[in-house]
Amino acid sequence: MPVPHQVRSIFSFFKSSVVLNVVIAGCVAIALVVFATPSRAMQAQVSPSSPQLGDTISVIVQAQGAAPTVTMGAKTYPTFDIGNNRYRALLPTTPLDRPGTLALKVNAGSGVQTLNVKLRNRSFPTQRIWLPPGKDGDGTDLEFDRVDAFKAIVSPQKFWNGKFARPNVGEVTTGYGLRRYYNGVFAKDYYHRGVDYAGNYGSAIVAPAAGRVMLIGRESEGFKIHGNCVGIDHGQGVESIFLHMSKINVKEGDLVRAGQTIGALGGTGAATGPHLHWGLYVQGQSIDPSPWRTQSVE
Ligand SMILES: [Zn+2]
């Protein structure tokens with residue numbers, strides 16, 4: 001996969017651009033030229049420059065003063081200080097988004113600048129599933145409420161550092177974004193919100209990046225779909241969830257490092273066989289973890 005290069009858009013605001021005063025007195029002409037210095041400059045950097053459905057869009061804004069925000073569609077995302085007056089927002093895209101031009105509005109101080117980014121279409125594999133009527137495995141309110149609360153976490157600290165590691169040695173059996181037909185009808189709101197690894201039952205599940213354990217769910221407590229699961233907050237709205245585990249080695253509040261074993265692969269919850277489901281979320285949306293594995297998000 002080609003490494004997307006970064007595109008740089010430079011915006012400069014000038015309080016007054018060029019003031020040219022020409023004073024003519026008699027036959028003496030005096031030209032007074034005042035070049036105003038830039039009073040405030042905002043620079044923004046978007047990567048990848050040509051994102052596709054499922055990619056996480058990073059917007060780095062160079063700005064003075066308060067942390068800028070970035071608006072995409074109806075949602076406004078925070079930025080986080082990454083040093084040297086630079087702030088970064090991470091914007092999720094998913095297979096449910098419409099490809100085309102995204103108008104990203106960078107709100108910094110009194111200025112708003114629009115960055116146009118083209119979101120490319122991407123085709124995902126499809127799968128046809130036939131279920132007997134009334135047999136679609138309902139989950140419990142408890143598990144959905146707990147998982148929703150976990151996905152809503154946006155903590156200011158950044159725990160991850162560099163590329164994400166693979167959480168299990170098993171081969172990937174179902175990739176991110178797979179779409180489904182149920183009984184011949186396209187499920188327009190469904191896409192596979194993660195990556196499945198078909199490792200051996202009991203094989204180690206490791207944290208792909210550092211973070212804080214913020215969710216522990218157990219099948220015995222009502223996690224009928226997710227099964228035994230662990231959620232790790234990597235910080236700044238980036239979260240991992242691991243499903244169908246046979247064993248959990250960590251507890252809520254634990255700080256884990258990249259590569260640390262957090263439990264073992266299993267088949268708890270709604271799983272047809274032993275596998276690990278790893279979902280990576282950015283600002284509550286399931287994004288494609290693959291770019292996070294191959295590129296380092298600063
Ligand atoms: Zn899965």
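The values are calculated or read from the model by the stated rules, or taken from the named source; none is laboratory data. Just so it is clear, the structure is predicted and the values come from calculations on it, not from any experiment. Using ideal geometry, Cβ is built from the backbone for each residue, glycine included, and neighbour counts are taken over all protein chains shown.
The condition of being under 26 Å from ASP141 (Cα atoms), crowded, with 16+ Cβ neighbours inside 10 Å and of a type outside the set (S, T, N, Q) does not hold for ALA210. Can you tell me which residue in the stretch 241-269 is surrounded by the fewest Cβ atoms within 10 Å (Cβ to Cβ), limited to those that are within 16 Å of the ligand (Cβ to nearest atom) and β-branched (Val, Ile, Thr)? Going through the qualifying residues, I end up with THR268. When THR272 is tested against (1) β-branched (Val, Ile, Thr); (2) within 15 Å of the ligand (Cβ to nearest atom); (3) modelled with pLDDT of 95 or more; (4) not in a strand (DSSP E or B), exactly one condition is not met: (3).
Given the structure, is LYS118 among the charged types (D, E, K, R), within 30 Å of ALA66 (Cα to Cα), exposed (fewer than 15 other Cβ atoms within 10 Å of the Cβ) and in contact (Cβ under 8 Å) with a residue 12 or more places away in the chain? Spelling it out, LYS118 is indeed among the charged types (D, E, K, R), within 30 Å of ALA66 (Cα to Cα), exposed (fewer than 15 other Cβ atoms within 10 Å of the Cβ) and in contact (Cβ under 8 Å) with a residue 12 or more places away in the chain. Here ALA209 meets each of (1) part of a loop (DSSP other than H, G, I, E, B); (2) over 18 Å from the mean Cα position of the chain (by Cα); (3) farther than 17 Å from VAL147 by Cβ; (4) touching a residue at least 12 places away in the same chain (Cβ under 8 Å) with one exception, condition (2).
To keep it simple, each residue is scored yes or no on (1) modelled with pLDDT under 90; (2) surrounded by fewer than 11 Cβ atoms within 10 Å (Cβ to Cβ).
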site	(1), (2)
MET1	yes, yes
SER16	yes, yes
ILE24	yes, yes
VAL33	yes, yes
THR37	yes, yes
ALA44	yes, no
ILE82	no, no
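When every residue of the stretch 224-237 is checked against the conditions, at least one turns out to be more than 23 Å from the chain's Cα centre (by Cα), outside any helix (DSSP H, G or I) and among the small types (Gly, Ala, Ser). Restricting the stretch 156-206 to residues that are more than 30 Å from PRO78 (Cβ to Cβ) and basic (Lys, Arg) leaves a set whose member that is nearest to the ligand (Cβ to nearest atom) is ARG180.
Cβ separations smaller than 8 Å between residues 6+ apart or across chains give the following pairs from the stretch 87-102 residues that are crowded, with 17+ Cβ neighbours inside 10 Å to residues that are basic (Lys, Arg): PRO95/ARG122; PRO95/ARG179; LEU102/LYS118.
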